[in-house]
1. Which pairs do you get when a residue that is closer than 19 Å to Val139 by Cα, found in the stretch 68-85, comes within reach of a residue that is part of a strand (DSSP E or B) and among the hydroxyl-bearing types (Ser, Thr, Tyr), reach meaning Cβ atoms under 7 angstrom, with the pair 6+ apart or on two chains?
2. Looking at (1) at pLDDT 90 or above; (2) more than 16 Å from Arg57 (Cβ to Cβ); (3) not aliphatic (A, V, I, L, M), which is the only condition Pro134 fails?
3. When only residues in the stretch 84-123 that are among the aliphatic types (A, V, I, L, M) and touching a helix residue (DSSP H, G or I) at 6+ places or on another chain (Cβ under 7 Å) count, which is surrounded by the fewest Cβ atoms within 10 Å (Cβ to Cβ)?
4. Working only within the stretch 124-143, note down all residues that are exposed (fewer than 13 other Cβ atoms within 10 Å of the Cβ) and among the charged types (D, E, K, R).
5. Residue under question is Ile140, and the condition is that it be out of contact with any strand residue (DSSP E or B) (no Cβ under 6 Å at 6 or more places or on another chain) and at pLDDT 95 or above; does it hold?
6. Let me spell it out: the conditions are (1) closer than 18 Å to Arg141 by Cβ; (2) open to solvent by less than 60 Å² (accessible area, probe 1.4 Å); (3) without any contact (Cβ under 8 Å) to a residue 60 or more places away in the chain, and Thr64 meets all of them except one. Which number is the exception?
7. Please state which of the following conditions Val81 fails to meet, knowing it meets all the rest: (1) of a type outside the set (Asp, Glu); (2) open to solvent by less than 30 Å² (accessible area, probe 1.4 Å); (3) farther than 20 Å from Phe153 by Cβ; (4) in a helix (DSSP H, G or I).
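The values are calculated or read from the model by the stated rules, or taken from the named source; none is laboratory data. Every value quoted in this text rests on a predicted model; they were computed, and no experiment measured them. For neighbour counting, all protein chains shown are included, and Cβ atoms are generated from backbone atoms with ideal geometry for every residue, glycine included. Areas reflect the complete protein model, heavy atoms only, side chains present, ligands, DNA and RNA absent. Shrake-Rupley method; radii C 1.70, N 1.55, O 1.52, S 1.80 Å.
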Amino acid sequence: MASKDKKLCCREFFLNTLERAIARHEVREIEQRHTMDGPRQDSSLDEEEDMVIIYNRVPKTASTSFTNIAYDLCAKNKYHVLHINTTKNNPVMSLQDQVRFVKNITSWKEMKPGFYHGHISYLDFAKFGVKKKPIYINVIRDPIERLVSYYYFLRFGDDYRPGLRRRKQGDKKNQSLT
């Protein structure tokens, strides 16, 4: 039985290593295509213009309020705000989606400097051979306060989509225990 587990572990390690090598190769191909196309007019972004901040939002930690501040200030401070919407709102991306995401974030010069936000997991850009990595930020909250906020969110919804009925949402009517 131990031999079988060892073989499975080696196989998983090999597949993970192979997937990473393929992803690095795809990123290098993309970078080479960009350099073969010739230098772009905006390719020489300075450090401040080339900045990307990724706000990987944790639910019920004032992330909507924080993001609204970013939208309110973006025009005045000359940066772009983009919402990252993942497939089925799954915060974990497939390897193929990770490669696309890294490519888009690093090569989309028109959207830099940029503030990207969404319910996504951390992604290590260094695994894909990227030298200029984005800055990740987050907001955390007391766990009990977060749970209470989640309860009221499920019970009463929010002001942004008042008509939306959520799967886990309870009855909004006050119920008496007597």
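1. Going by the 7 Å Cβ cut-off, the qualifying pairs are Leu82/Tyr116; Ile84/Tyr116.
2. All conditions are met except number (2).
3. Leu95
4. Answer for the stretch 124-143, where residues must be exposed (fewer than 13 other Cβ atoms within 10 Å of the Cβ) and among the charged types (D, E, K, R): Asp124, Lys131, Lys132, Asp142.
5. In short, no.
6. (3)
7. (4)
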